[in-house]
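Here you go, one structure.
Only the coordinates and a few stated rules stand behind these numbers; no lab work does. Everything quoted here is computed from the prediction, not taken from an experiment. Cβ coordinates were reconstructed from backbone atoms using ideal geometry, including for glycine residues, and neighbour counts include every protein chain displayed.
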Amino acid sequence: MSLVSEGADFRGSVAAGAGLDRAEPSLAGVGDYVALMKPRVMSLVVFTALVGLAVAPGTMHPLIAFTALLCIAVGAGAAGALNMWYDADIDAVMTRTARRPVPMGRVRPGEALAFGLTLAGFAVVTLGLLVNVLAAGLLAFTIFFYVAIYTIWLKRWTPQNIVIGGAAGAFPPVIGWAAATGSLSAEPVLLFMIIFFWTPPHFWALALTRTEDYARAGIPMLPVVAGDASTRRQILAHTLILVPLGLAPYALGYAGALYGLIAAVTGAIMLALAWQVLRERRPAEHASKHLFAFSILYLFLLFAVLLIERGWGGLIARLAA
Amino acid sequence: MTEEPKDEGIVLTEAQKRARRSRSIAIALSLAALVILFYVVTLVKGPIVLVRPL
């Protein structure tokens, strides 16, 4: 029996033992529902959507921009709640997620499902009615992709789960752009590609430090299925694609010299850290932890500089218009 | 003839009542915010609020 199938068996017994389907009146408070929305993930989604919205050409009323960001945030929260509904069994097994509201028994799975579906419906319909239909369609597709394609299908089925599933996290700047312009172009697609190729090194660096946790939960993350050395090679390979993509906005004239400088310096650090991860062997985890932490700063810096250089002036002009 | 014991259904504890009240208030505030948002956006956009191009 493989680690993964053992994890799947264990998952079922934990789900039953946790009393996840008890029918007592709920004790869930507002804080539990806020936790269901994964506020930290939501803040990253809002930030990248803001950059997509701010760098887009044209003018936009500040209230409509606020509405777009609010809907994207609520849509991300809906996806988080639906993820916690479906993943309650594996969340209960993993140290990192065991204290989430559903595995703790504070929110019942059915409540999380209803909450997520309600939020998703309101977010998509409101975005469609008050902003534009393209942005609403993209938000609906993103929620569907994260919940149905990533959470329900890929996550428990293939070690490429976060490679393909990473598309869900890459959509927010595209939705922001679509909300501002009602159309799409190469620039938001480039922002999409940066997040898309950033996701695997980021999550695999984390997975290298949580291999036993993922195996116990029955999730076929790359280190569990393909092993430690293969994962480290894959991290470097994806970083080698990511760094030129990070430089592309400058090379293609979408960003200025400051962005080019930051992308070059932080890209070099990403490559150096990925190289250290390749050379590291278990049980050492320092390089993986450093790469995981720095990758967050890397993405934040790229988008923040883009916002300052391209978006800030445009955003102020847009708000003043 | 003995009287049937009255079924009182589910009786909420004080903690459950407090949790329900906090959830109800949050839902009320969210719906009120949504109504205000639609109202203000309609004022801002004017008649083109009905125009929703792709």
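Arrange the following residues from fewest to most other Cβ atoms within 10 Å of their Cβ: A:202, A:286, A:61, A:238. The partial results should precede the final answer.
Numbers: A:202 26, A:286 11, A:61 14, A:238 21.
With the fewest neighbours first, A:202, A:286, A:61, A:238 line up as A:286, A:61, A:238, A:202.
Note the direction-averaged projected area, equal to a quarter of the hull surface, for the Cα convex hull of region A:58-208, in nm².
Values: hull surface 37.2 nm².
Mean orientational projected area (region A:58-208, Cα hull): 9.3 nm².
Moving on. Over all directions, average the projected area of the Cα convex hull of region B:1-49 and note it in nm². Spell out each step's value before the answer.
Values: hull surface 25.2 nm².
Taking a quarter of the hull surface, the average projection is 6.3 nm².
For region A:128-179, what is the convex hull volume of its Cα atoms per residue in Å³?
Details: hull volume 2.7 nm³, N = 52.
Spread over its residues, the Cα hull of region A:128-179 gives 52 Å³ apiece.
If you don't mind, another one. For region A:120-219, which semi-axes, largest first and in whole Å, follow from the square roots of 5 times the eigenvalues of its Cα gyration tensor?
Working: eigenvalues 172, 51, 15 Å².
Calculated on Cα positions only, the semi-axes equal 29, 16, 9 Å.
If you take each beta carbon of peptide A:129-136 and count the beta carbons of other chains within 10 angstrom, what is the mean? Intermediate results must be reported in sequence, preceding the final value.
Working: counts 6, 9, 2, 4, 3, 3, 1, 1.
Across the residues of A:129-136, the mean count of other-chain Cβ atoms within 10 Å is 4.
Dipole size in debye (nearest 20) for region A:34-320 around its Cα centre, Lys and Arg Cβ +1, Asp and Glu Cβ -1? Working shown, then result.
Working: 19 positive and 11 negative charges, 94 e Å.
With only Lys, Arg, Asp and Glu charged at Cβ, the dipole is about 460 debye.
If you count, for every residue in B:15-24, the Cβ atoms of partner chains within 10 Å of its Cβ, what is the mean? Present the calculation step by step, with values, prior to reporting the outcome.
Values: counts 3, 5, 1, 2, 8, 5, 1, 5, 7, 0.
Per residue, the average neighbour count from other chains is 4.
Please state the equivalent ellipsoid semi-axes for chain A: what are the square roots of 5 times the Cα gyration tensor eigenvalues, largest first, in whole Å? Numbers along the way, then the final one.
Details: eigenvalues 214, 155, 38 Å².
Rounded to whole Å, the semi-axes are 33, 28, 14.
Could you tell me the ratio Rg/Rh of region A:140-286? Both radii from Cα atoms, Rh via Kirkwood.
Over the Cα atoms of region A:140-286, Rg/Rh equals 1.01.
Relative contact order for chain A using alpha-carbon pairs under 8 Å, separation at least 6, rounded to a whole percent?
Details: 512 pairs, mean separation 73.4, N = 321.
With pairs under 8 Å counted, the relative contact order is 23 percent.
Expressed as a whole number of Å, what is the distance separating the alpha-carbon centroids of region A:262-294 and region A:168-246?
15
While we're looking at this one, here's another question. Find how much the distance from residue A:152 to residue A:268 grows on full extension, using 0.36 nm per residue of separation minus their present alpha carbon separation; answer in nm with one decimal. Don't skip to the answer; put the middle values down first.
Details: separation 116, 0.36 × 116 = 41.76 nm, distance 3.59 nm.
Length difference between fully extended and current span is 38.2 nm.
Something else: Going by how many other beta carbons lie within 10 Å of each one, how would you line up B:39, A:146, fewest first? Mind showing how you got there, number by number?
On the way: B:39 10, A:146 23.
So the residues, fewest neighbours to most, are B:39, A:146.
Could you state the per residue volume, in Å³, of the convex hull enclosing the Cα atoms of region A:270-312?
Convex hull volume per residue, Cα atoms: 47 Å³.
Further, regarding this structure: Just rank A:269, A:162, fewest to most, by other beta-carbon atoms within 10 angstrom.
Working: A:269 17, A:162 22.
Fewest to most other Cβ atoms nearby, the residues stand as A:269, A:162.
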